[in-house]
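First the structure, in the form of structure tokens, and then the observations on it.
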Amino acid sequence: MERVNSTLVTEFILTGIPYPIRLRTFLFVFFLLIYILTQLGNLLILITVWTDSQLHARPMYIFLGVLSVIDMGISSIIVPRLMMNFTVDIKPIPFGGCVAQLYFYHFLGSTQCFLYTLMAYDRFLAICRPLHYPVLMTAKLSASLVAGAWVAGSFHGALQAILTFRLPYCGPNQVDYFFCDIPPVLRLACADITVNELVTFVDIGVVVASCFSLILLSYVQIIRAILRIRTAEGRRRAFSTCGAHVTVVTVYYVPCAFIYLRPETNSPLDGAAALFPTAITPFINPLIYTLRNQEVKLALKRIIRGPGATSKV
């Protein structure tokens, strides 16, 4: 009987985030704009890096283009489904759709963690080993590092999806969250989830802690190198090349640590924190990298002005 019941759940209902009914239309339009601007902003970054000859051959901007692809993917996986929360009808997500959403979110999210680490390492070489940088960080090496990040992220996402959905789900099917993520889905399992919680904590903890530690180590060395620069202008330019990366890493890692690396609770703050890596960070990344990066702004101007822009600068 228990075996039969475990097959009853064929779909899940995402409760979304709590909100006042009078704000339903406003929130739908708000997240629709967030989604559209996220896609357009990241697409603009991707096109700029791809078409500008001064950018697409440099590892830093190869990483930035890959980050834009990841941001577009995460936003597409999460935000449209979130917007359904602000419509009148309840729209369940199929069991297979829930599996796919959890897999792709953790696949892209972990790949993003690895990519942030690669970007920090790239800045470390550029500032601390400037004379050796062209030899140490070649286009071939950067492509290999990006490929490794994709493979590692895919493995991480598959591990989490398999561990989560190997358990039986026999009801209820109401996920108290706005997307299929590990903690809220596990609460619905009709089996002991102790092993899953332990593996999830260790696996995500290792990924987050190792990536963040390597980023922190890189920036300790970067700050030491910058402080040795004699001129104030030189120090300002060096800091400006790292400011955008530090900002997005902080906005991404703090909410992730809050959600996954603490004792299990069913707090409304979890949903609010999850909005940052799923909706806010993909939206602000293009703004940060265009407003704070002089080379990207110059590349955008060259694209807008056309082929004759180089000769006029």
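Structure values in brief
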{"quantity": "1.4 Å probe accessible area per residue over region 49-166, in Å²", "calculated": "42 Å²"}
{"quantity": "Net dipole in debye of the chain [+1 Lys, Arg Cβ; -1 Asp, Glu Cβ; about Cα centre; nearest 20]", "calculated": "1660 debye"}
{"quantity": "Unit Cα scatterers, Debye sum, region 39-90: log10 I(q)/I(0) for q = 0.13, 0.23, 0.25, 0.27 Å⁻¹", "calculated": "-0.41, -0.79, -0.87, -0.94"}
{"quantity": "Debye-sum result for region 82-145 in log10 I(q)/I(0), which assumes one identical scatterer on each alpha carbon, at q = 0.13, 0.19, 0.25, 0.27 Å⁻¹", "calculated": "-0.58, -0.80, -1.05, -1.11"}
{"quantity": "Förster radius 35 Å - calculated FRET efficiency between Ile303 and Ser210, Cβ distance, rounded to 0.05", "calculated": "0.40"}
{"quantity": "Cβ-based net charge around Pro184, under 9 Å, with every Lys or Arg adding one and every Asp or Glu removing one", "calculated": "-2"}
{"quantity": "Ratio Rg/Rh [Cα only; Rh per Kirkwood] for region 169-208", "calculated": "1.02"}
{"quantity": "Cβ-based net charge around Gln160, under 14 Å, with every Lys or Arg adding one and every Asp or Glu removing one", "calculated": "-2"}
{"quantity": "Overall Cα dimensions of region 1-136, principal axis frame, Å, largest first", "calculated": "67, 42, 24"}
{"quantity": "Contour excess over end-to-end distance, with Cα ends at Cys128 and Ser76 and 0.36 nm allotted per residue", "calculated": "15.0 nm"}
{"quantity": "Cut-off under 5 Å, modelled amide H: who pairs with Leu14 long-range", "calculated": "Ile93, Val175"}
{"quantity": "Radius 13 Å from Cβ of His56, net charge of other residues (Lys, Arg +1; Asp, Glu -1)", "calculated": "0"}
{"quantity": "Helix runs (DSSP H) in the chain reaching 24 Å along axis by Cα, Kyte-Doolittle at least 1.6", "calculated": "24-51, 194-227"}
{"quantity": "Distance histogram in 10 Å bins (all Cα pairs of region 97-219, percent per bin)", "calculated": "13, 35, 26, 15, 8, 2, 0"}
{"quantity": "Ordering of 154-161, 88-95, 118-125 by packing [mean C-beta count within 10 Å, highest first]", "calculated": "118-125, 154-161, 88-95"}
{"quantity": "With every protein chain in place, the chain: carbon and sulfur % of accessible area (1.4 Å)", "calculated": "70 percent"}
{"quantity": "FRET efficiency, 1/(1 + (r/R0)^6) with R0 35 Å, evaluated for Ala152 and Ile36 via beta carbons", "calculated": "0.65"}
{"quantity": "Computed [θ] at 222 nm, helices only, for the chain once each DSSP H run of length n ≥ 4 contributes -39500 (n - 2.57)", "calculated": "-24000 deg cm²/dmol"}
{"quantity": "Sequence ranges 193-203, 222-232, ranked by mean other-Cβ count within 10 angstrom, highest first", "calculated": "193-203, 222-232"}
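The values are calculated or read from the model by the stated rules, or taken from the named source; none is laboratory data. Just so we're clear, the structure is a prediction, and the values are computed from it rather than from any experiment. Don't worry about glycine lacking a Cβ; one is built from the backbone with ideal geometry, like all the others, and counts go over all protein chains shown. Note: areas computed on protein heavy atoms with side chains; ligands, DNA, RNA excluded. Shrake-Rupley method; radii C 1.70, N 1.55, O 1.52, S 1.80 Å.
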